[in-house]
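Report on the following structure.
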Amino acid sequence: LMFMTAGYLVEQVSGMTWEKFVESRIFYPLGMTDSNFSVEDSKQAPDHALPYVLKDKEVMAVPFRNIDTIGPAGSINSHVTDMANWVLLNLSKGKFGEQTIVSEASLRETHSPQMISGRSLRYDETFYSLYGMGWGMTSYRGHALLSHGGGIDGFTALVSLMPRDGMGLVVLTNRGGNPAPQAVMYQVYDRLLGLEPVDWNGRFLKQREEGEKEAEH
């Protein structure tokens, strides 16, 4: 609800729709020419992804969910090339090439913790979870890690940054509610940082099995 409210306020302050504002202030200068605000637009692309979910241990196709009416809360559809430019902006203190898209001060504020969002330490490699402005924050094996996931019927996505290490990742999948993006993220960072790999895939499989057994009881 608060993301939707933020989009409404953008319209009131800018005098244009939230979609037009994002398009002119973010998409256009970042060259995100294939990104859009509706699954109806996505379906017009000849190579659009189809949504799937796992139900009763079987992968099944599901209908696209249209959330245009609460667009600012998650209606943007994109691909890895466009999203890579968004990551570069966040790693470059608000700049893309020579152009400043977001002020360094504003970006620093969004990358700063605003509240505690998790109190458990499930794995030794990660730290307590904090939340900034649209970014989840923690430490991964001693490295600052910012991330934000996106999940809707049939799709799961994850964008992450290691600002101090100058690296970021975009992981997009077309199966809803699956931990693959997080497992891929950790495994890639292990390799990029030159660290001994951790079996995140095995850990998440075990975690899922434990959850299924718990649900049966």
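The values are calculated or read from the model by the stated rules, or taken from the named source; none is laboratory data. Bear in mind that the values here come from a model prediction, so they are computed numbers and not experimental data. All Cβ positions, even for glycine, are placed from backbone atoms using ideal geometry, and neighbour counts span all protein chains on display. Surface accessibility is based on the protein's heavy atoms, side chains included, excluding ligands, DNA and RNA. Shrake-Rupley method; radii C 1.70, N 1.55, O 1.52, S 1.80 Å.
Here is a list: Val10, Val39, Val62. Which entry is of a type in the set (A, V, I, L, M), surrounded by 12 or more Cβ atoms within 10 Å (Cβ to Cβ) and without any contact (Cβ under 8 Å) to a residue 60 or more places away in the chain?
Val39
Listed residues Thr110, Thr100; which is open to solvent by less than 50 Å² (accessible area, probe 1.4 Å) and either within 24 Å of Leu146 (Cα to Cα) or among the small types (Gly, Ala, Ser) (or both)?
Every option except Thr110 fails the conditions.
Please work out which residue is nearest to the chain's Cα centre (by Cα), limiting yourself to region 66-92 and to residues that are modelled with pLDDT of 95 or more and over 19 Å from Asp34 (Cα atoms).
So, considering only residues that are modelled with pLDDT of 95 or more and over 19 Å from Asp34 (Cα atoms), the one nearest to the chain's Cα centre (by Cα) is Asn90.
Residues to consider are Gly150, Gly211; find the one that is under 14 Å from the mean Cα position of the chain (by Cα) and surrounded by fewer than 18 Cβ atoms within 10 Å (Cβ to Cβ).
Matching residue, one of Gly150, Gly211: Gly150.
Are there any pairs with C-beta distances below 6 angstrom linking a residue in region 144-155 that is without any contact (Cβ under 8 Å) to a residue 40 or more places away in the chain to a residue that is basic (Lys, Arg), with the two at least 6 apart or on different chains, and if so which?
Ala144/Arg164
Could you list, ordered by first residue, the pairs with Cβ atoms under 9 Å in which the first is in region 69-86 and without any contact (Cβ under 8 Å) to a residue 24 or more places away in the chain and the second is buried (at least 19 other Cβ atoms within 10 Å of the Cβ), at least 6 apart or interchain?
Short answer, once both residue conditions are applied: Thr69/Ser75.
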